[in-house]
Every structure is written in C-alpha cells, then in structure tokens.
Amino acid sequence: MKAILLVGGFGTRLRPLTLNTPKAVVPIFDRPFLHYQLDLLEQLPEIDEVILSLNYQPDAIERVAGDRRGNGPRIRYLVEPRPLGTGGAVKFAEPYLDDTVVVFNGDVLAGIDLRAVVDLHRSRGARATIVLTPVDNPSAYGLVETDAAGNVRAFREKPDPDEITCDTINAGIYVLEPGTFDRIPPGTKYSIERRYFPSLVERGETFVAYVERGYWIDIGTAAKYMQVHRDVMGGRCAAHPFAGRADNEPLVDTSAAVDRGVRIEAPCFVGAGARVAAGAAILANSVVGASAAVETEAVIDGAILWPDSAVGAGATVRDAIVGRGARVEAGAVVGPGSVLGDDSVVTAFSKV
Ligand code: GDD
Ligand code: MG
C-alpha cells in the first residue's frame, strides 16, 4: 500500500515563514512538520512507500524528509512540472500506485486511528473514504454533508455563509481507490475538492465518511502554527516531544545552556544548543529553537523562536514568532501576532 502526502503548496497564509521553508517542513519544536505525518502513517505497517508530491521548493523538503531514524517506508519524491492542484498531483502519482492509497494534505495533524479508517473503507467496499472533523466555522474548509448511514451526500469547498448546513469538514485525510482517478485529466490543474469529490457524489459512487472527534488541526496560518505548539505542550495533542511525559517540567534539551537564575515556566521547550542567559525569563507556552540565544533580562512569553534567532538584553517577545536567524535587539518589544521573517532585525528599543 502507498501513501501520498500533498506537500506542493506555496504556504501563502504562513508567509513570511514559508518564504525559505515550505509549510511541510516548518519546525515544530525540533522536527520538521512532515515527520509528524510520517509518525501517523506508521500506524499502517503495510504502507511500504510514501510519495511526497512536491512543487514549491522541492529541494528544501527533500533535504529534511529522509532524515529520519528507523526503518520507515521508502520515500519517493515526485516533483510536478507546474502546480497541478490537489487532484492533478494525485493523478501525477498514479503510475506509482498499486492499489488502495492513503492521501494526506501536507499540513494537517490529527489524533486519528488510521487503521479504523482503512477498515471502514474496506468493510464498506468504498471507492473513497474521507475523514471529517467538526469545526466552529466551516467557511475556510471543505464542508461535507453526510447521511444517516455515513455516506457523503455533498462536498462544498470554501462554502459561502448561506451554504453552511452542518459543522463537519474535510480533515484532509483520504483513502482512495485509484480506479476513480479516470475522471482526472492528466497534466492538468485539477482540484480534488472542487471536482473529484463532487463528482463521486454526482455519480452515486460509494463515498464514505469517517468522523473523527479527537484532535485535529491545519497548521496553515501563523495562529494555527502557534496553536499546535500550545496543544502539544498542553497535552491536548499527544505528539513528540511531549507525549507520554509524566512530569510537567519545562522540556530543555540536554545540549541547551540555560543559566541558573533564569525564570522558566512550564510548559515550554528549549532546543538543542540554545542559550538562555541569567536574568532572562522563558514563560509558559514558549519555544526556544535550536541554537537560539536569549540574553539577560529578556522575556519570552508564549512566543516561538526559530533556530539561530537571537533576542537581546531586556527585549520582550510575546505571543509572536521569530524566524530563523532573526535578531530582536536589546530593549525591543515584539508584540502579539507579530511574525518576523528569517534574518529580519528589530533594532534596539523598537516596538513591533
Ligand atoms: N503537490 C501539490 N500540488 N500539492 C498541493 C498543490 C499543488 O498544486 N496545491 C496545494 N497542495 C497541497 C498543500 O501543500 C497542502 O498540504 C494541501 O495540498 C492542501 O492545500 P491547502 O492550500 O492547505 O488547502 P486548504 O487548507 O485551504 O484546504 C484544504 O484543506 C482543508 C483541511 O485543512 C482542503 O482540502 C479543504 O477541503 C480541507 O477542509
Ligand atoms: Mg491547509
């Protein structure tokens, strides 16, 4: 069995973070996001190959994707000649598929029982099975209506307010039969959400829904990217590196140098080679990335510092994201919602 991870998007809503780092490999604590998805796929040992469907900055994804310990599935990198859309990307992978395929949007994380999804697909003899999750506002997603027997009755991508008839949306996780790809024209931009799924409904094919009420997130915006860190640190999402920890202590890498006299509040994470000077404060829900530096009297409060960034003496970074190699100079204040791109500099005493 094969899996396809759709990781070709531009990550527009996560700019500037995605200018040098495709969304699929943005760091979550100390690992690229993609590794969390590969962890999920390990629930299905019959998956012997994961096809990474690439377009935007494929090299950046290739560099980190294979960098995993253990004997996981083989990884195949498929680079589209141009963006083919979610359906076109699946069609492009068709020559490499054998039978049933598991497909993931490359930006979703879920506490999902994939075995149960595949079992449902098989027991129903489905042509396609889609995982649904309930959300408060479906407008930014694909709305999916089902009937009492758990069949999909309608699929509406990014519905208008008057089209919102239920709260279940497409979670971006599918089990598909390649025989259904005959309707996707090769080499053409084609949306799985706007065309393939509605066509399954129109033709009355067995299109089954699996509703997941556990944890689910799409990390595609800065707010959601920050949220997933909080959810893992807070135990709402069981994932690396916090899953299974009995204590509620700050998680500090053994190679980090946190001076005595640092005020450090759980939950938080300090990565490999990071340096935090005496007198600084790392407050709850903060993430200090690998080799980042925090100088004395600086306050990191619910913020995420990417690797190699630096926060100067007396500076404050609150509920914000600081990109790779960026510098917040002494006394500067970076406030809630700020997202500093890689290598940006906030000069001393500036307020952002
Ligand atoms: N290979 C490839 N080629 N991948 C693509 C392309 C492409 O042309 N376009 C998008 N992708 C990938 C993105 O990288 C992302 O991982 C995934 O497809 C979904 O694209 P998004 O841009 O993140 O879509 P969305 O979040 O607005 O909506 C999708 O996800 C929602 C759940 O998070 C839809 O599938 C919705 O129906 C769904 O509810
Ligand atoms: Mg998305």
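Structure summary
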item	result
Fully extended contour minus Cα-Cα distance, from ARG260 to GLU62, at 0.36 nm per residue	67.3 nm
Ratio Rg/Rh, restricted to segment 190-257 and using Cα atoms, in which Rh is the Kirkwood radius	1.22
Of the DSSP H helices in the chain, those whose Cα atoms cover at least 20 Å axially and whose Kyte score averages 1.0 or more	none
Mean-position separation - Cα centroids, segment 252-311 and segment 131-210, in angstrom	43 Å
Within the chain, longest stretch clear of exposed trypsin sites (Lys or Arg not before Pro) (DSSP loop, no more than 13 other Cβ within 10 Å)	70-202
Other-chain or far-sequence residues with amide H under 5 Å of ALA332's (modelled H)	ALA315, THR316, PHE349, SER350
Carbon/sulfur fraction of accessible area - segment 87-146, other protein chains in place, 1.4 Å, %	45 percent
Residue-count net charge about ALA326 - beta-carbon cut-off 14 Å; Lys, Arg +1, Asp, Glu -1	-2
Theoretical gain in end-to-end length, ILE75 to ASP39 [0.36 nm per residue, Cα-Cα removed]	11.6 nm
Sequence-distant residues sharing a close amide H with CYS268 (under 5 Å, placed H)	LEU251, ASN285
Convex hull per residue volume in Å³, alpha carbons only, for segment 247-346	64 Å³
Value of relative contact order over segment 1-68, rounded to a whole percent, pairs C-alpha under 8 Å and six or more apart	48 percent
Overall form of the chain per C-alpha gyration tensor (a/c, 1.5; a/b vs b/c)	prolate
Built amide H within the under 5 Å cut-off of ARG76, gap 5+	VAL50, ILE51, LEU52
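The values are calculated or read from the model by the stated rules, or taken from the named source; none is laboratory data. Computed from a prediction, not measured in an experiment: that's the story for all the values here. Cβ: placed from backbone, ideal geometry, glycine included. Neighbour counts: every protein chain shown. Remember, those area values only see protein heavy atoms, side chains included, never the ligands or the DNA or RNA. Shrake-Rupley method; radii C 1.70, N 1.55, O 1.52, S 1.80 Å.
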